[in-house]
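**Student:** Starting off with a structure, shown below.
The values are calculated or read from the model by the stated rules, or taken from the named source; none is laboratory data. Just so you know, these numbers come straight off a predicted model, no measurement behind them. Cβ coordinates were reconstructed from backbone atoms using ideal geometry, including for glycine residues, and neighbour counts include every protein chain displayed. Areas reflect the complete protein model, heavy atoms only, side chains present, ligands, DNA and RNA absent. Shrake-Rupley method; radii C 1.70, N 1.55, O 1.52, S 1.80 Å.
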Amino acid sequence: MNTYVGRFAPSPSGPLHFGSLIAALGSYLRARSLQGQWLVRIEDVDPPREMAGAADIILRQLERYGLEWDGSVRYQSQQSERYEQLLAQLLASGRGYYCDCTRKRISAIGGIYDGHCHNLGLTQGAIRLRNQAQISHFNDGLLGHIDTEYSFAAEDFILKRRDGLYAYQLAVVADDHDQGITEVVRGNDLLEPTVRQCSLYQTLSWQAPQWLHLPLAINPDGNKLSKQNHAPALSESELSHTMASALAFLGQALPTELASAPVAEQLRYAVTHFQLARLPQQRQRPVPTLA
Ligand code: GLU
Ligand code: ZN
């Protein structure tokens with residue numbers, strides 16, 4: 001029998017907020033309710049967008065919420081050798097190529113890259129995938145059949161940027177594969193890029209994981225969560241309150257007598273009572289206001 005392996009893969013751009021807690025909690029509940037493993041991976045491949053100390057803050061927050069992971073935390077900043085090896089393999093087989101087009105040129109042709117450099121034999125610049133996978137849809141475990149705009153899905157997207165940084169698509173696929181992830185549970189903000197990840201899996205002849213995209217938390221007014229929602233919870237009662245809202249958001253509301261119970265107790269209940277069928281199938285959902 002295949003064991004379920006899930007993961008939470010935050011970028012350390014700041015502390016966990018309600019939205020990222022949802023991704024952590026949703027992936028945790030799914031994995032634990034199936035007696036699976038749950039891994040944590042810090043996606044620190046984009047230093048300009050990172051906040052010093054955020055990775056540690058996130059890990060401490062996960063601990064405070066009782067979200068215990070298996071094994072040691074993986075850091076993408078330590079996987080460069082692997083990414084380089086994959087890039088070399090793709091370049092050598094013609095499934096990757098260098099591109100020196102400017103952003104200006106690409107926006108002038110409508111924003112979707114046209115494969116201009118793929119036969120030029122360049123030896124520096126950004127590295128793009130020669131995308132011949134022709135994948136424009138995938139199946140989501142919660143939302144069902146998801147179609148993506150063909151031009152986006154078929155684009156020769158970037159694997160390594162001209163400034164030397166690895167693209168999210170490359171790093172996430174390499175690590176999900178290498179860590180044996182069987183199902184990716186994450187927020188709906190990452191629904192669209194999934195087709196690109198499918199293309200990369202196919203190009204590398206790797207089996208793609210299952211996908212499940214959770215609703216994105218928004219304010220009751222329909223806007224993006226404000227900075228106030230980003231403040232890390234401090235006291236035990238705030239933790240319980242936030243956990244209760246997060247569970248309600250995921251359609252897994254606690255019985256009232258557990259509303260202010262210690263988070264460990266709330267979580268134990270949520271794992272044993274977790275039901276996939278109760279997860280809301282919306283792409284966005286306001287944060288519930290609990291009394
Ligand atoms: N590191 C990404 C983020 O925090 C998530 C990656 C993923 O779950 O695939 O937005
Ligand atoms: Zn180019």
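**Student:** Pull up the range 96-127, narrow it to residues that are under 25 Å from N188 (Cα atoms) and touching an Asp or Glu at 6+ places or on another chain (Cβ under 9 Å), then point me to the one that is most open to solvent (accessible area, probe 1.4 Å).
**Tutor:** I112
**Student:** Moving on to the next point. Quick one: count up the residues across the range 18-55 that are over 28 Å from T289 (Cα atoms), over 13 Å from the mean Cα position of the chain (by Cα) and of a type in the set (A, V, I, L, M). Outline the logic, then answer.
**Tutor:** So in the range 18-55, the residues over 28 Å from T289 (Cα atoms) come out as 34-53, 55.
Right, trim to over 13 Å from the mean Cα position of the chain (by Cα) and you get 34-38, 45-53, 55.
From the residues that got through so far, the ones that are of a type in the set (A, V, I, L, M) too are 34, 45, 51-52, 55.
Within the range 18-55, residues that are over 28 Å from T289 (Cα atoms), over 13 Å from the mean Cα position of the chain (by Cα) and of a type in the set (A, V, I, L, M) number 5.
**Student:** Let me ask another. Residue pairs, Cβ under 8 Å, 6 or more apart or interchain, first in the range 263-279 and in a helix (DSSP H, G or I), second open to solvent by 60 Å² or more (accessible area, probe 1.4 Å). List them.
**Tutor:** V263/R64; V263/E236
**Student:** Just to confirm my filter: which helices (runs of 4 or more DSSP H) fall fully inside the range 15-115 and include at least 1 residues that are within 16 Å of ligand 2 (Cβ to nearest atom)? Talk me through it step by step, then tell me what you get.
**Tutor:** Values: elements: 18-33, 54-64, 80-92, 103-108.
Qualifying helices (runs of 4 or more DSSP H): 80-92, 103-108.
**Student:** Looking at E155 and the list (1) more than 16 Å from ligand 1 (Cβ to nearest atom); (2) under 18 Å from E81 (Cα atoms), which single condition is not satisfied?
**Tutor:** Only one criterion in (1) more than 16 Å from ligand 1 (Cβ to nearest atom); (2) under 18 Å from E81 (Cα atoms) is unmet by E155, namely (2).
**Student:** Would you please list the contacts, defined by Cβ atoms under 6 Å and residues six or more apart or on different chains, that run from a residue in the range 185-212 that is closer than 24 Å to P286 by Cα to a residue that is in a helix (DSSP H, G or I)?
**Tutor:** Pairs found: V185/G26; V185/S27; V185/R30; R186/A23; G187/A23; W211/T194.
**Student:** Can I ask one more? Considering the range 128-165 alone, what residues qualify as being open to solvent by less than 30 Å² (accessible area, probe 1.4 Å), of a type in the set (K, R) and out of contact with any Gly (no Cβ under 9 Å at 6 or more places or on another chain)?
**Tutor:** The answer is none; no residue qualifies.
**Student:** Can you spot a residue in the range 166-187 that is over 25 Å from A24 (Cα atoms), within 16 Å of ligand 2 (Cβ to nearest atom) and surrounded by 16 or more Cβ atoms within 10 Å (Cβ to Cβ)?
**Tutor:** Step one: list which residues in the range 166-187 are over 25 Å from A24 (Cα atoms), which gives none.
Among the residues of the range 166-187, not one is over 25 Å from A24 (Cα atoms), within 16 Å of ligand 2 (Cβ to nearest atom) and surrounded by 16 or more Cβ atoms within 10 Å (Cβ to Cβ), which makes the answer no.
**Student:** Look at P215 and say whether it is more than 24 Å from L59 (Cβ to Cβ), modelled with pLDDT of 95 or more and either among the aliphatic types (A, V, I, L, M) or in contact with a helix residue (DSSP H, G or I) (Cβ under 8 Å, 6 or more places away or on another chain) (or both). Outline the logic, then answer.
**Tutor:** On the way: more than 24 Å from L59 (Cβ to Cβ): yes; modelled with pLDDT of 95 or more: yes; either among the aliphatic types (A, V, I, L, M) or in contact with a helix residue (DSSP H, G or I) (Cβ under 8 Å, 6 or more places away or on another chain) (or both): yes.
Considered against the rule, which asks whether it is more than 24 Å from L59 (Cβ to Cβ), modelled with pLDDT of 95 or more and either among the aliphatic types (A, V, I, L, M) or in contact with a helix residue (DSSP H, G or I) (Cβ under 8 Å, 6 or more places away or on another chain) (or both), P215 comes out as yes.
**Student:** Within the range 69-104, track down each residue that is under 22 Å from E50 (Cα atoms), within 16 Å of ligand 1 (Cβ to nearest atom) and not hydroxyl-bearing (S, T, Y).
**Tutor:** V73, R74, Q76, Q78, Q79
**Student:** Can you name the residue in the range 121-133 that is touching a residue at least 12 places away in the same chain (Cβ under 8 Å) and outside any strand (DSSP E or B) and is also farthest from ligand 2 (Cβ to nearest atom) among such residues? Even if it seems obvious, please write down each step before you answer.
**Tutor:** Of the residues in the range 121-133, the ones touching a residue at least 12 places away in the same chain (Cβ under 8 Å) are 122-133.
From the residues that got through so far, the ones that are outside any strand (DSSP E or B) too are 122-125, 130-133.
Values: L122: 8, T123: 13, Q124: 12, G125: 7, R130: 12, N131: 13, Q132: 17, A133: 19 Å.
Taking the candidates together, the pick is A133.
**Student:** If you go through the range 1-29, how many residues are more than 13 Å from ligand 1 (Cβ to nearest atom), hydrophobic (A, V, I, L, M, F, W, C) and open to solvent by 10 Å² or more (accessible area, probe 1.4 Å)?
**Tutor:** 3
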